[in-house]
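The values are calculated or read from the model by the stated rules, or taken from the named source; none is laboratory data. Computed from a prediction, not measured in an experiment: that's the story for all the values here. Don't worry about glycine lacking a Cβ; one is built from the backbone with ideal geometry, like all the others, and counts go over all protein chains shown.
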Amino acid sequence: MGKRRKSRELAVKVLFHIEYNHDNPKEAFDLIFERFSQGKLSISFSKGLVFGVCENKKTLDKVISQASRNWKITRMSQVDKCILRIAIFEILFMEDIPPRVSIDEAVELGKKYGSEDSSRFINGVLDKIYKFQEKESEPNLKLSANSVKLLLRRP
């Protein structure tokens, strides 16, 4: 398993911990890193995901809500939300990661940590965001701030 996948797994665990315990991100990261880190991983990549998701949570949740019209975000499992937030953060803000990689990694995380239907649900939500991005911008460019606003405004 690659460093980035392990780093994403750690980020999911930290974000899940934050959801249930309302810890601040630094304390949660330190606690979960101490308990669960195994093997080689990129600490800076994990921290970037955790802190980036925490700082942009409202925007990420709005994108999730728009892309999953038939599912209210309050009905989604915490694990699925954590995985979706990480993947959408990567798609929106991390230009060095191709969107398809973010989607594939999120689907794998859903298979490992989610329910039986998580991977399909996660893939569907992220695929909708990816297709919107492809339609709104030139290939291989990240969603611009205007594209995010358009996505959030759609009825």
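Let me confirm something: among 99, 25, which residue is crowded, with 17+ Cβ neighbours inside 10 Å, at pLDDT 85 or above and over 26 Å from residue 134 (Cα atoms)? 25 is the lone residue from the list that is crowded, with 17+ Cβ neighbours inside 10 Å, at pLDDT 85 or above and over 26 Å from residue 134 (Cα atoms). Taking region 126-155 as the region of interest, how many residues are hydrophobic (A, V, I, L, M, F, W, C), under 27 Å from residue 78 (Cβ atoms) and at pLDDT below 95? So the answer is 6.
Looking at the structure I just gave you, is residue 89 out of contact with any strand residue (DSSP E or B) (no Cβ under 9 Å at 6 or more places or on another chain) and without any contact (Cβ under 8 Å) to a residue 40 or more places away in the chain? Before the answer, list the steps.
Values: out of contact with any strand residue (DSSP E or B) (no Cβ under 9 Å at 6 or more places or on another chain): yes; without any contact (Cβ under 8 Å) to a residue 40 or more places away in the chain: no.
No: the conditions fail for residue 89.
If you go through region 49-78 and pick out every residue that is assigned to a helix (DSSP H, G or I) and in contact (Cβ under 8 Å) with a residue 12 or more places away in the chain, you end up with 17.
Is it the case that some residue within region 28-43 is part of a helix (DSSP H, G or I) and closer than 18 Å to residue 103 by Cα?
Residues of region 28-43 that are part of a helix (DSSP H, G or I), as a first pass: 28-36, 43.
Now drop any that are not closer than 18 Å to residue 103 by Cα, which leaves none.
No, the conditions are met nowhere in region 28-43.
Of the residues screened, residue 85 is one that is crowded, with 22+ Cβ neighbours inside 10 Å, basic (Lys, Arg) and within 22 Å of residue 47 (Cα to Cα).
Residues in region 35-81 that are aliphatic (A, V, I, L, M) and surrounded by fewer than 16 Cβ atoms within 10 Å (Cβ to Cβ): 2 in all.
Here are 91, 32: which of them is modelled with pLDDT under 90 and buried (at least 17 other Cβ atoms within 10 Å of the Cβ)? So that I can check it myself, show each step before the final result.
On the way: 91 fails: modelled with pLDDT under 90.
On inspection, the qualifying residue turns out to be 32.
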